[in-house]
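What follows is a set of notes on a single structure, which appears directly below.
The numbers here are math on the coordinates, done by the rules we state, and not lab data. In this text, all values refer to a predicted model and were calculated from it rather than measured experimentally. Don't worry about glycine lacking a Cβ; one is built from the backbone with ideal geometry, like all the others, and counts go over all protein chains shown.
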Amino acid sequence: MDVPAQDTKSVCPGCAERDREIAELKARVAKLGAAARAGKRQAAPFSKGPPKADPKTPGRKSGEDHGAHRHRDVPSRIDEVYDVPLPDCCSDPACPGRVLLKGVAQQYQTEIVRRSVNRQFNVAVGACDACGRRVQGRHPLQTSDAIGAAASQVGPDAQALIVQLNKEAGLSHGKVKRFFKAAFDMDLSRGGICRAMLRAGRRCEPAYRAIVRRVQHSPFVVPDETGWRVGGVLAWLHVAVGQDATAYLVHRHRGYEAAAELIGADYEGFLTHDGWSAYERFIYAIHQTCLGHLLRRSKELAEAAAGVAARSRFPLAVKAILKEALAVRDRRDAGGLTAEQARGQAELLSRRVAALLVPPQADADNERFANHLWNQQSALFTFLEYGGVDATNHKAEQAIRPAVPNRKVCGGNRTEAGARAQSVLTSVLRTTVQRGIDSLGFISDTLKACFGRQPQIVPETG
């Protein structure tokens, strides 16, 4: 009896689907493995890959949009004048001609002074003839009343520069020491540099408290946080960016209590954040979830999709709505839409997002993203309902960046006192930039001032 041959063309649909998903997963694993191996082999792990075969010419392009070339301005103050006479003969050695004067041109140069100034203060010491209390004089350039063993000190401008080089430029204590020796022939020790920053931190405490109060009374606050270490133990660096002031806080914990120290538990303004649950506990604030985080998450989900998730258009649909919301904002800010029209668009976009979230997602990652969006529905388009509200927490992320070199170089702070000085000094440096104040001058003036007479960094908030 003949056995009929098996029909190889008829394949089980379930098996075909399974084989296709297995092939996709294998290709994805191979791609990820190759990327990981390439990252370990290359010297620059953050490289974007090989350069383009036909890159664009660097710099500004010629044409109507090129704009005027920028030249250095002539100094408003001239401290030194030098006459530059003509040479005795022509620049061509073979030419026997004489050089005749036709005019005088000006050239300007701005130079730095590489020297230190050593001061001696002859401090008068006396006593009150009524109570016998010891009294001594104080010069405006002095930073303390210490004499005797502590009589030799570093000046206020030098201490202010130490703070800026370490906290803003990210130089280690050893590099600050070498910089002062090379630039000013000034000998400092690493311990002396550390003590100078701790002293500056203590002196700037009143300014820090004023900054925190200013942030808490700001019409909007943009917070964020990043990992930190104090004495090798995990901690967190919190930041809150206000309208014209920025406050930092190194705290042992990451929770709501730490954020409330900067923002204020009863804050009632606009709060733009990354959707972290601790920020949602500010129940009196009007919230805006960072659209930048949501767009990045949508893009990552779409790129990493495989199998069932690859057939889902959910991440791309969310991304399209968020992009449309940003376009509405740009049109409103450019005058193409009224505020009322923008609010109407915000309501329509909210409905479209809600419609996407109703059916459950087959993929677990997409379902988690949908749950997050469900919880953030009321805070997605606040920036369209109210003018002047940021759609992202970009300001806070930018404020975090200057502190990252300190974390990479020093691993954070070694002591609680150093952590406190970190909070105070970074707040002062960042706020002076926001307010257009000379940071070196402000810290120097604070060090020279007697307690209770420190200069103000922000107006007093009632």
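Helix 291-304 axis versus longest C-alpha principal axis of the chain: approximately 50°, rounded to the nearest ten. What FRET efficiency would be calculated for the residue pair R119, R401, taking the C-beta separation as r and a Förster radius of 45 Å, to the nearest 0.05? The pair R119/R401 has a calculated efficiency of 0.75.
Relative to the current alpha-carbon distance between D266 and A364, full extension at 0.36 nm per residue lengthens the span by 31.6 nm. Across segment 291-391, Cα pairs under 8 Å and at least six residues apart give a relative contact order of 32 percent. Counting beta carbons within 10 Å around each of H293, H251 and listing the fewest first gives the order H293, H251. Computed over the alpha-carbon pairs of the chain, the distance histogram in 20 Å steps reads 16, 37, 30, 13, 3, 1, 0 percent, short to long. Annotation: cysteines of the chain without a disulfide-compatible partner (Cβ-Cβ under 4.7 angstrom) are C89, C128, C131, C194, C204, C290, C410, C450.
Dipole check for segment 147-199: with +1 at the C-beta of Lys and Arg, -1 at the C-beta of Asp and Glu, and the Cα centre as origin, the magnitude is about 220 Debye.
Report relative contact order for segment 236-289 in percent, whole number only (criteria: Cα-Cα under 8 Å, sequence separation at least 6).
Once normalised by length, the contact order is 28 percent.
Bridge orientation summary for the chain: considering DSSP beta bridges with both residues in this region, about 70 percent are antiparallel. Would you work out which of A325, A370, P359 lies farthest towards the positive end of the dipole of segment 291-391, given +1 charges on the beta-carbon of Lys and Arg and -1 on that of Asp and Glu, about the Cα centre? Farthest towards the positive end: P359.
Legend: ranking of residues E300, E168 from fewest to most surrounding C-beta atoms inside 10 Å; resulting order E300, E168.
With the convex hull of its Cα atoms as the shape, segment 103-154 has an orientation-averaged projected area of 7.1 nm². Rg and Dmax of segment 108-192, both derived from C-alpha coordinates alone, stand at 17.3, 61 Å.
Shape class of segment 291-391 from the Cα gyration tensor (axes a ≥ b ≥ c, square roots of the eigenvalues): prolate, since a/c reaches 1.5 or more and a/b is larger than b/c.
Highest first, please rank the peptides 207-213, 355-361 by the mean number of other Cβ atoms sitting within 10 Å of their residues.
207-213, 355-361
To the nearest ten degrees, helix 364-375 and the longest principal axis of the Cα atoms of the chain are 60 degrees apart.
What is the gain in length, in nm to one decimal, between D244 and A183 on full extension, counting 0.36 nm per residue of separation less the C-alpha to C-alpha distance?
18.6 nm
Only DSSP H runs of four or more residues enter the estimate; each adds -39500 (n - 2.57), and after division by the residues of the chain the mean residue ellipticity at 222 nm equals -13500 deg cm²/dmol.
Going from the fewest other Cβ atoms within 10 Å to the most, the residues S298, S152 appear in the order S152, S298.
Would you mind working out the magnitude of the charge dipole of the chain relative to its Cα centre, with +1 at each Lys and Arg C-beta and -1 at each Asp and Glu C-beta, to the nearest 20 Debye?
Numbers: 66 positive and 49 negative charges, 271 e Å.
For the chain, the charge dipole is close to 1300 debye.
Placing a label point 7 Å from the Cα of R296 along the Cα-to-Cβ direction, none of the residues of segment 180-220 has a backbone N under 19 Å of that point.
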